[in-house]
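Inspection log for the structure reproduced underneath, given as structure tokens.
Throughout, read-outs are computed from the coordinates displayed, never taken from laboratory work. Just so we're clear, the structure is a prediction, and the values are computed from it rather than from any experiment. Quick reminder, even Gly has a Cβ in these numbers, built from the backbone with ideal geometry, and neighbours come from all protein chains shown.
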Amino acid sequence: MNRIKLLFFATLRDRAGTKSMDIEIPEGLTIQGLKDKLAQDFPNLAQSMSSVIVTINREYAFDEAVVPPNAEIALFPPVSGG
């Protein structure tokens, strides 16, 4: 198993009910797999997982990226501006 730290920002923080948490995930899990797991384990986050922006150790990550051991994963809602 791989222990990671999740950080939640803005509306995701409200939906998760916390600003951060440590969780165990299977080794080799991708960002998409992590999103699927979070949607299943935390139903309040499910709707947001399709459009969330993710970073791994402070670098933007795509769905196919594999989560490395002891990673810091930050989750941001989509940003709009004008």
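Summary table
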quantity: Filtered residues of the stretch 47-61 (kept if surrounded by fewer than 19 Cβ atoms within 10 Å (Cβ to Cβ) and hydroxyl-bearing (S, T, Y)); calculated: S50, S51, T55, Y60
quantity: Residue count for the stretch 62-76, restricted to those that are among the acidic types (D, E) and loosely packed, with under 13 Cβ neighbours inside 10 Å; calculated: 2
quantity: Leading residue by the ranking (nearest to P77 (Cα to Cα)) among those in the stretch 11-46 that are surrounded by 19 or more Cβ atoms within 10 Å (Cβ to Cβ) and among the β-branched types (V, I, T); calculated: I31
quantity: Selection within the stretch 1-25 - touching a helix residue (DSSP H, G or I) at 6+ places or on another chain (Cβ under 8 Å) and either more than 11 Å from A71 (Cβ to Cβ) or free of Cβ contacts under 8 Å to residues at least 24 places away in the same chain (or both); calculated: F8, T11, L12, R15, A16, G17, K19
